[in-house]
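Here's the structure we're looking at; comments come further down.
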Amino acid sequence: MRDAGAWCAAGIVVAGGLAPLLVGGPALPMMLGMLGLVLFLLAHGGLTYGWRGALGFFACAYLVAFAFEALAIATGFPFGFFTHDGPGPEILGVPPTVPVVYGVAGYVAWSIARLVIVADRPGRLIGPARFVVPPVAALVLAGYDAVIDPGGATVEGRWSYGDPGGLFGVPLTNFLGWVVTGWVAFQLFALLGPPARRIGPPWVLPPVVWLGVYLPSVVTFVTGSAGPAEAVTVAGRTFLVADIQETAVIVGMFSMGIPALMALACVLARRDEATS
């Protein structure tokens, strides 16, 4: 039954990725995607680490992300100076919903990095893997941010930067902040979290979910929702919306597609070795 929960959660993420085919705007894809990721953490994380382990992972990622986001808003470290501009309440400048993304997307990034480094081997991370998986997972998570942040800072106007630059106004410091935040959270879990269990077929789901998270960017671009002359101006810089959408697809091919496919390939190769 719990296996079914993980598969259903993955299906919801993929459905969210296909939602732009049916409705305009980012609201439904975001809602379905976030719902699917939360359920995936609970179902797949529960299978792999137990309920306490799954909730412990989320708590670790949430608290570290909130602390670093609040620190950056106050001091500029580690993301650079920025502000959240969306509606809703904030605590120390941070909407309480924002660190949730680090928790649920971070779990998928962590699972992918673990598959790449140790395949689906159960137990605790030992030896060099204990210190290799966390930075790899942090880079995978930052690859997700490279897809969503340019649109969020321009078309959607959900955050803005004190020193815009880099990728459609998103500075390098922002991505380094995601790496640092993810690295700290993942390293804590690698040292303190429970051992992983062997879960059978659901091992394949994290790469599938990661591709499902990337899917809305592809569908939005392919459906041509932005007109050829539609533009957005941020901090005196004007960008074509279609260029932002196309760049998200290009960046995501490498920053999200390659880690997902590598995870699948590594586990399949090691399973072939085990049966040969």
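The values are calculated or read from the model by the stated rules, or taken from the named source; none is laboratory data. Owing to the predicted nature of the structure, the values given are computational and were not obtained by experimental measurement. Every residue, glycine among them, receives a Cβ derived from its backbone with ideal geometry; neighbour counts consider all protein chains shown. Accessible surface is based on the protein model in full, side chains and every heavy atom, while ligands, DNA and RNA are left aside. Shrake-Rupley method; radii C 1.70, N 1.55, O 1.52, S 1.80 Å.
For the chain, set up a Gaussian network in which alpha carbons nearer than 10 Å are linked by springs, and say which option among GLY252, GLY76, GLY33 fluctuates the most.
It is GLY76.
Tell me which trypsin sites (Lys or Arg not before Pro) from segment 120-205 have a DSSP coil assignment and no more than 16 other beta carbons within 10 Å of their own.
ARG124, ARG197, ARG198
Calculate the dipole size of the chain relative to its Cα centre from +1 charges on Lys and Arg beta carbons and -1 charges on Asp and Glu beta carbons; express the result in debye to the nearest 20.
Computed charge dipole of the chain: roughly 1080 debye.
Just how far, in whole angstrom, is segment 238-258 from segment 9-85 if you go by their alpha carbon centroids?
Value for the Cα centre distance between the two parts: 20 Å.
Rounded to the nearest 10 Å², what accessible area does PHE239 show when all protein chains are kept and the probe is 1.4 Å?
About 30 Å², ignoring ligands and nucleic acids.
Over segment 123-266, calculate the relative contact order: mean separation of alpha carbon pairs under 8 Å at least 6 apart, over the residue count, as a percent.
33 percent
What percentage of the solvent-accessible surface of segment 152-276, computed with a 1.4 Å probe over protein heavy atoms, is contributed by carbon and sulfur atoms?
Roughly 68 percent, rounded to a whole number.
Please list, in order along segment 24-30, the HN-Hα scalar couplings obtained from phi with the Karplus expression 6.51 cos²θ - 1.76 cosθ + 1.60 (θ = phi - 60°), rounded to whole Hz, x for Gly and Pro.
Residue by residue, segment 24-30 yields x, x, x, 4, 5, x, 5 Hz.
Helix 258-275 sits at what angle to the longest principal axis of the chain, using alpha carbons and giving 0 to 90 degrees rounded to 10?
The helix 258-275 is inclined about 10 degrees to the chain.
Net charge around TRP203, counting only other residues with Cβ within less than 12 Å of its Cβ (Lys, Arg = +1; Asp, Glu = -1)?
Taking every Cβ under 12 Å from that of TRP203, the sum is +4.
With all protein chains present, calculate the accessible area of VAL204 using a 1.4 Å probe and round the result to the nearest 10 Å².
The value for VAL204 is about 30 Å².
Determine the relative contact order of the chain: mean sequence separation of Cα pairs under 8 Å and six or more apart, normalised by residue count, in whole percent.
25 percent
Working from Cα positions, state the angle (0 to 90°, nearest 10) between the long axis of helix 98-118 and the longest principal axis of the chain.
Rounded to the nearest ten degrees, it is 40.
Going by accessible area, probe 1.4 Å, with all protein chains left in place, what is the ranking of TRP51, TRP210, largest first?
My answer, sorted largest first, is TRP51, TRP210.
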